[in-house]
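The values are calculated or read from the model by the stated rules, or taken from the named source; none is laboratory data. For clarity, every value in this text was computed on a predicted model and none was experimentally measured. A quick note on method: Cβ atoms are made from the backbone with ideal geometry, for glycine too, and the neighbour counts reach across all protein chains shown.
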Amino acid sequence: MRDIVGDLERWLAAGEKIALVTLVRTQGSTPRLPGARLAVTRSGKMAGSISGGCVENDLYERALHVLDSGQPALASYGIADDGELGVGLSCSSTIEVLIEPFAAAAAWQVLRCELADERPVAIAIALSPPALLGHTLVVRGDGATSGAIAAELDHQLVAEAQRLLGHGGTNVVACAWQAGQAEIFIEAFAPPRRLFIVGAAHTAMPLCRLAKILGFRVSVIDARAAYLTLERFPEADDLQRAWPHEALARVGLDDNSYVVILTHDPKFDVPALACALRSQARYIGIMGSRRTHAQRLAPLREEGFNDAELGRIRAPIGLDLGARTPAEIAVAVLAEMLAVSHKRDGCALAARTGAVHATH
């Protein structure tokens, strides 16, 4: 959703008629995961994707029908037929999407504002029965709601949404409703992962740039004003001129925080590592050779850190990609951060068996 919010806002301001397609269910290995969205306008504009190109043309035609009728609709796609223009997926998988007219309803405004302010928020959309299809409830982190699906369901949905908000993600839940049951798609948007780059070194520049592409909120910390400039870091969310350990102590590192230390100077490195180790930071990595890192560990042990605590430090930093240039090193570091984020070991997919993604 975050990647198309700007397009939706521009199109609404221009008076465009918009349909929003949401991927709500998948089976097997699919190009996109539940929560992927495609927005289309009657005038032919498109933003986002559902399948990487396999079904988007057909979805556009279906979206026009939804705009004509004003009613939401579900659509499913499986393996494409053998015809030259067969519509479907090239892999042995299936997807289900919800197509609905999009308008600037109050619930949308709450969702947009919470996303813009980087606060946790969830959206619940009814998939069945037909009487509820497309009804929407937005749940903020504090439990406040906007919109409604059904009075007897909303309380249950708030509880499930808040459960998901801790880590983000999607779920389809079945709830008893009247004489049958209702199926509700819920997507929770956790705040963006936070990356704190300590040291405005050369590698920090591509690291900042690539991390922003991946959706991180990036802060660059350095005590040296000459290095810490907007010209060097135009994409950064925050530039902090300070001693690194003091800046890290102020920001409140948590399990949504990733710390990368590039200063390569003991007077910065050791205090910054000590501060990060006292926190719940998800990832702590530092530049330098094994010999350099061994020299850093001695003063940290003197401060009382044990081997298990020191084992949290990723050093040498990054996956073994053979990286040499600053940009290559940035890729290796981000690859390791993503592996930690998704609880993977970073090995080649070709060496694995089974589905690429978890089954939903």
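For Ser90, the test of being surrounded by fewer than 17 Cβ atoms within 10 Å (Cβ to Cβ), modelled with pLDDT of 95 or more and not basic (Lys, Arg) is failed.
Here are some residues: Leu277, Leu253. Which one is touching a Phe, Trp or Tyr at 6+ places or on another chain (Cβ under 7 Å) and under 28 Å from Gly304 (Cα atoms)? Explain how you work it out, then say what you get.
Working: Leu253 fails: touching a Phe, Trp or Tyr at 6+ places or on another chain (Cβ under 7 Å).
That would be Leu277, the only listed residue that is touching a Phe, Trp or Tyr at 6+ places or on another chain (Cβ under 7 Å) and under 28 Å from Gly304 (Cα atoms).
If I filter the stretch 201-215 for residues that are modelled with pLDDT of 95 or more, of a type in the set (Val, Ile, Thr), within 29 Å of Ile95 (Cβ to Cβ) and buried (at least 17 other Cβ atoms within 10 Å of the Cβ), do I get at least one hit? No - not one qualifying residue is present in the stretch 201-215. Of a type in the set (S, T, N, Q) and modelled with pLDDT under 95: does that describe Thr353? The answer is yes for Thr353. Among the residues of the stretch 271-293, those identified as at pLDDT below 95 and small (Gly, Ala, Ser) are Gly288, Ser289.
Only residues that are under 19 Å from Arg250 (Cα atoms) and out of contact with any helix residue (DSSP H, G or I) (no Cβ under 6 Å at 6 or more places or on another chain): list them for the stretch 181-215, please.
As a first pass, look at the stretch 181-215 and keep what is under 19 Å from Arg250 (Cα atoms): 191-200.
Across the stretch 181-215, the qualifying residues are Pro191, Pro192, Arg193, Arg194, Phe196, Gly199, Ala200.
If you filter the stretch 326-350 down to residues that are modelled with pLDDT of 95 or more and among the acidic types (Asp, Glu), you find that the one that is surrounded by the fewest Cβ atoms within 10 Å (Cβ to Cβ) is Glu328.
Residue by residue, here is whether (1) in a loop (DSSP other than H, G, I, E, B); (2) buried (at least 21 other Cβ atoms within 10 Å of the Cβ); (3) in contact with a strand residue (DSSP E or B) (Cβ under 7 Å, 6 or more places away or on another chain); (4) modelled with pLDDT under 95 holds:
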position: Val24; (1), (2), (3), (4): no, yes, yes, no
position: Ser29; (1), (2), (3), (4): yes, no, no, yes
position: Asn57; (1), (2), (3), (4): no, no, no, yes
position: Tyr60; (1), (2), (3), (4): no, no, yes, yes
position: His65; (1), (2), (3), (4): no, no, no, no
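In the stretch 224-241, what residues are under 19 Å from Phe268 (Cα atoms), aliphatic (A, V, I, L, M) and surrounded by fewer than 13 Cβ atoms within 10 Å (Cβ to Cβ)? Hits for the stretch 224-241 are Ala225, Ala226.
When we screen Leu253, Leu277, Leu297 for residues that are assigned by TED's automatic domain parsing to the domain that holds Ala330, of a type in the set (A, V, I, L, M, F, W, C), surrounded by 14 or more Cβ atoms within 10 Å (Cβ to Cβ) and under 23 Å from the mean Cα position of the chain (by Cα), the only hit is Leu253.
Suppose the filter is part of a loop (DSSP other than H, G, I, E, B) and either surrounded by fewer than 16 Cβ atoms within 10 Å (Cβ to Cβ) or of a type outside the set (Gly, Ala, Ser) (or both); does Glu114 pass it? It is false that Glu114 is part of a loop (DSSP other than H, G, I, E, B) and either surrounded by fewer than 16 Cβ atoms within 10 Å (Cβ to Cβ) or of a type outside the set (Gly, Ala, Ser) (or both). Just a yes or no: is a residue in the stretch 167-182 modelled with pLDDT of 95 or more, closer than 30 Å to Thr263 by Cα and touching a Lys or Arg at 6+ places or on another chain (Cβ under 7 Å)? Checked against the condition, which is being modelled with pLDDT of 95 or more, closer than 30 Å to Thr263 by Cα and touching a Lys or Arg at 6+ places or on another chain (Cβ under 7 Å), the stretch 167-182 yields no hits at all. Taking only the stretch 306-325 into account, find how many residues are surrounded by fewer than 16 Cβ atoms within 10 Å (Cβ to Cβ) and not in a loop (DSSP other than H, G, I, E, B). Adding up the residues that qualify gives 3.
Just name the residue that is surrounded by the fewest Cβ atoms within 10 Å (Cβ to Cβ) out of those in the stretch 159-178 that are aliphatic (A, V, I, L, M) and within 21 Å of the chain's Cα centre (by Cα).
So the residue we want is Val172.
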